[in-house]
Amino acid sequence: MPESSPETHVIDFRAAEQLLAARDPRGAIRLLDSVITAHPENTAARLLRARAFFLAAQLRPAELEFQIVLEREPDNAFAHFALGRTLERADRAEEALRHFRLAAALEPRPEFIEAARFPAGTGNGDGGNGGGNRGGANGDRGRRHPDAGPE
């Protein structure tokens with residue numbers, strides 16, 4: 001077996017990215033195992049391995065890896081979102097919703113907001129905060145159409 005070095009770990013990490021893109025999560029996991037053994041602090045490798053576990057339907061290992069990432073980077077919106085998807089897939093919807101909402105709060109990307117299922121009236125999204133037909137604080141100023149509706 002060839003001796004591992006920092007260079008081979010970088011090569012393995014990049015190869016694992018390619019394997020994951022090619023939908024070979026098990027191959028990616030095999031490569032990332034050695035990278036993480038040598039560099040357990042490498043959050044990027046752990047996040048990639050968590051994604052690979054998820055795609056391989058290994059939900060418990062995916063959950064554990066996403067949790068490790070979030071312990072180190074609690075503001076990682078993608079990790080919250082991916083952990084939410086993992087928990088949702090494991091039929092743990094209530095736990096998943098918490099992570100979806102954290103992801104949406106940290107980074108309001110459309111897919112994060114949609115997964116968070118914010119109820120109308122919370123100010124997230126357009127439901128419940130009045131929409132575009134209300135006049136502003138200055139009465140009718142700003143209206144373009146006289147039949148725009150009540151204020």
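Residue selection: L31 satisfies the criterion of being out of contact with any Gly (no Cβ under 6 Å at 6 or more places or on another chain), surrounded by 20 or more Cβ atoms within 10 Å (Cβ to Cβ) and farther than 26 Å from E88 by Cα.
Pairs are defined by a Cβ separation below 8 Å, a sequence spacing of at least 6 or placement on different chains, a first member in the range 95-112 that is more than 15 Å from N76 (Cβ to Cβ), and a second member that is at pLDDT below 95 and open to solvent by 80 Å² or more (accessible area, probe 1.4 Å); the pairs so defined are L97/R117. The conditions of being buried (at least 16 other Cβ atoms within 10 Å of the Cβ), of a type in the set (D, E, K, R) and in a helix (DSSP H, G or I) are met by R49. Per this entry, R60 is not counted among residues that are under 10 Å from the mean Cα position of the chain (by Cα), in a helix (DSSP H, G or I) and surrounded by fewer than 24 Cβ atoms within 10 Å (Cβ to Cβ). Taking the criterion of being modelled with pLDDT under 95 and open to solvent by less than 70 Å² (accessible area, probe 1.4 Å), the only residue of the range 86-118 that qualifies is F118.
The values are calculated or read from the model by the stated rules, or taken from the named source; none is laboratory data. Note that this is a predicted model, so its numbers are computed, not measured. No Cβ is skipped: glycine too gets one built from the backbone with ideal geometry, and neighbour counts run over all protein chains shown. The accessibility values were calculated without ligands, DNA or RNA, using every heavy atom of the protein model including side chains. Shrake-Rupley method; radii C 1.70, N 1.55, O 1.52, S 1.80 Å.
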